[in-house]
Amino acid sequence: MHAEYNRTRSIFDLPDRKFYRPSGDVDLSVTFCGNQAANPLGPAAGPHTQLAQNIVLSWLAGSRIIELKTVQVNDHLELTRPCIDIATVGYNTEWSQELRLDQSLREYVKAHMMTEILERWLFGPSNNGRPTNLATVFDVSVGYNLAGIRSTAICDWLRSMRDASKIIEQLRAEIPSEFAEWSDLPFKPEISNSITLSTFHGTPAEEIERICEFLLTEMDYHVIIKMNPPMLGKDRLEHFLYDLLGYTDIEVNQKVYDVNITFTDAVAVVRRLQATAARCGKTIGVKFGNTLEVVNKGKFLKDKIQYLSGQPLHILHLALVDEWRKAFDSEFPISFSAGVDVNNVADCVSIGLVPVTVCTDLLRTGGYGRIPQYLSALERRMKEAGVKTIPEFVRSVNRTTSVSGGKVSGDQGHSSVSEILSRSLKNPRYRADHNLKSPRKIGSHLFLWDCINCDKCIPVCPNDANFSFEIEPVETHYSNVTISDRGWTESPGGNFIIKKSHQIATFADACNDCGNCDVFCPEDGGPYLEKPRFFGSLESWQKWTNLSGFVLSVDQQGLVLQGRFKHVECSLRLNEGTGRSEFVFDGCTITVNTRDAKVVAATLQDGSVEKQVDMRYYYIMKTLLSGMASGKGVNFVNADLQEGLKTHA
Ligand code: SF4
Ligand code: SF4
């Protein structure tokens, strides 16, 4: 982070100009489960909250209530890939964390510590002299049934999130020297004290109630229950989806109507839980809500069932908020995540929803960089309403007298929801015919080098796995080298041509093959599949023997790039002292003048009588190695080598 920011004024490819800096004209702070947050917005539990860098990116862009990706006792998931398709409205076949429980814990604690350091480094009083409220809340998401949640593994995990002192001390030792100034910070040991509960579709009402009781009373957490759209009932849900919005191509999985908790049962469960929560001084709330289970009729995702998000889900969950507000007379805290974007975020906040979280829209072009627009839209609406605080904003819209912690008190609370729902139903942007267009494809296919350089694949990746790097364009004719026990000879090879200096690569350790960059890339093939794939360590490069890819390291003699092309492994070492490079390929060692690529020696080591080396691979390796060493960009591959790069660039 330090090297990248100092060289390029960006962190994880998010430029400084997209870091959210509040105008200071209005106060966006809210209370969520008794915790102060500087604003009510953030990423929903999902692809944007899996890794520490995702959480940091959303925080830099302005998120202040961060729903961490769901954890569960089964932490060995095998998911089909790709798993995200946002070409139109939004579908996924994602599930919970793809990391082991202990890895997730470390990612969350690391993110928490990183935001505390960044707060001081980037937004401290020395930077702009103006105090800024950066209060941030992490909300745990846990699933999926009582047995799993009561398991020792999950209970220990939840206790560690309440007191992460031990992990903080382990991670403190890893704080790099650039941030030494903050290595003694008294990091807050409590990472989270609230849980958003996700249950299996079909979990019985009694089980949901027992899980909540357990989390409230025995685990001492505030609890928010994530609700599913089928609570609207089949007739109402399908009336919205088909008759009013026109999504007649979407087929709801009919099973969900039989197995999901009904609205009436959910209300009864929550009313009983209110008494339990009050007894132990905790909050019970609901979240609208979960994705909708539908039949997969597309080709991009592979599972038979997929989960719908985006614009239609926004309407379905607004309808549920409307119902819930009527049932609870506006007294109940509700968090919201369904098709939230720059156009509707202020409306969501105006009806007292806390937090308002986003997933699908952040997967679109611009990625995390869209968050500051939501906050600006909210600030603008508040200024137009002539209010200074969120409670005043909610009061002005709802004509109520009391707003606190996401609760809107007063008779008018629900009528504003009804009004927004009916306005949204008339708005063409939620209708099917406005959401048919996939991102434009231009008919060309990606390959290792040179593309149209739109850079869309970088911000749409939730994990910042795609990155750009700079090279010297090349146009050369190369010779192949034939080696035998009689010596070596050169013979005509081919042309090696790279036209552009700006190139794209993927950091394999951060890529989970979700497929989102493929959807938004104007060319075919998928950047994560076609572009050079770099691994972060020799260990991970050796683990994925079925994948072509590269790993960069530096030792006393210089930089070394190891590569695998299908199943053939090779390496290229730059020796600064001799000005020569040593290229090892398939049992042959070829020494080359680094400056002019002239072959000066070649030997055969694997006992073969004769072998020919296609020197195209040497040029590929040389170009990649120089690109990483150029020091023009900082990325996951070369960040650790910055000191080495100063010497070898
Ligand atoms: S790989 Fe695709 S999305 Fe990425 S820069 Fe090239 S054309 Fe654009
Ligand atoms: S590089 Fe592409 S496939 Fe990989 S995680 Fe990022 S968006 Fe998904």
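The values are calculated or read from the model by the stated rules, or taken from the named source; none is laboratory data. In this text the structure is predicted, and so the values were computed from the model without any measurement. Cβ atoms come from the backbone with ideal geometry, glycine included; neighbour counts cover every protein chain shown.
Restricting to segment 452-488, what's the tally of residues that are part of a strand (DSSP E or B), away from ligand 2 (no atom under 16 Å from the Cβ) and surrounded by 14 or more Cβ atoms within 10 Å (Cβ to Cβ)?
The total comes to 10.
In segment 439-463, how many residues are more than 19 Å from Gly90 (Cβ to Cβ) and of a type in the set (D, E, K, R)?
Total meeting the criteria: 2.
Can you go through Gly493, Gly515, Gly558 and tell me which one is within 16 Å of Asn638 (Cα to Cα) and either within 16 Å of ligand 1 (Cβ to nearest atom) or touching an Asp or Glu at 6+ places or on another chain (Cβ under 9 Å) (or both)?
Gly558
Report the residue count in segment 70-107 for those that are in contact with a strand residue (DSSP E or B) (Cβ under 8 Å, 6 or more places away or on another chain) and either surrounded by fewer than 20 Cβ atoms within 10 Å (Cβ to Cβ) or among the polar types (S, T, N, Q) (or both).
Counting residues in segment 70-107 that are in contact with a strand residue (DSSP E or B) (Cβ under 8 Å, 6 or more places away or on another chain) and either surrounded by fewer than 20 Cβ atoms within 10 Å (Cβ to Cβ) or among the polar types (S, T, N, Q) (or both) gives 8.
When segment 582-597 is examined, which residues are found to be touching a Leu at 6+ places or on another chain (Cβ under 8 Å), at pLDDT below 95 and within 24 Å of Leu641 (Cα to Cα)?
Listed by number, the list holds a single entry, Thr594.
Residues in segment 504-519 that are surrounded by fewer than 23 Cβ atoms within 10 Å (Cβ to Cβ) and touching a helix residue (DSSP H, G or I) at 6+ places or on another chain (Cβ under 6 Å): how many?
Looking only at that region, the number is 2.
Can you work out which of the residues in segment 499-531 that are within 9 Å of ligand 2 (Cβ to nearest atom) and assigned to a strand (DSSP E or B) is nearest to Leu641 (Cα to Cα)?
The residue in question is Phe507.
May I ask you to verify whether Phe534 is assigned to a strand (DSSP E or B), of a type in the set (Phe, Trp, Tyr) and within 16 Å of ligand 1 (Cβ to nearest atom)?
So Phe534 passes the test.
Residues that are of a type in the set (S, T, N, Q) and within 25 Å of the chain's Cα centre (by Cα): list the helices (runs of 4 or more DSSP H) wholly contained in segment 97-204 that include at least 2 such residues.
The qualifying helices (runs of 4 or more DSSP H) are 101-123.
Residues are listed down the side, and each one gets a yes or a no for (1) touching a residue at least 24 places away in the same chain (Cβ under 8 Å); (2) of a type in the set (Lys, Arg); (3) more than 23 Å from Asp156 (Cβ to Cβ):
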{"position": "Leu185", "(1), (2), (3)": "yes, no, yes"}
{"position": "Ser194", "(1), (2), (3)": "yes, no, no"}
{"position": "Glu213", "(1), (2), (3)": "yes, no, no"}
{"position": "Pro229", "(1), (2), (3)": "yes, no, yes"}
{"position": "Glu238", "(1), (2), (3)": "no, no, yes"}
{"position": "Thr264", "(1), (2), (3)": "no, no, yes"}
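Given Pro391, Pro372, Pro333, which one is surrounded by fewer than 24 Cβ atoms within 10 Å (Cβ to Cβ) and either out of contact with any strand residue (DSSP E or B) (no Cβ under 6 Å at 6 or more places or on another chain) or hydrophobic (A, V, I, L, M, F, W, C) (or both)?
Pro372
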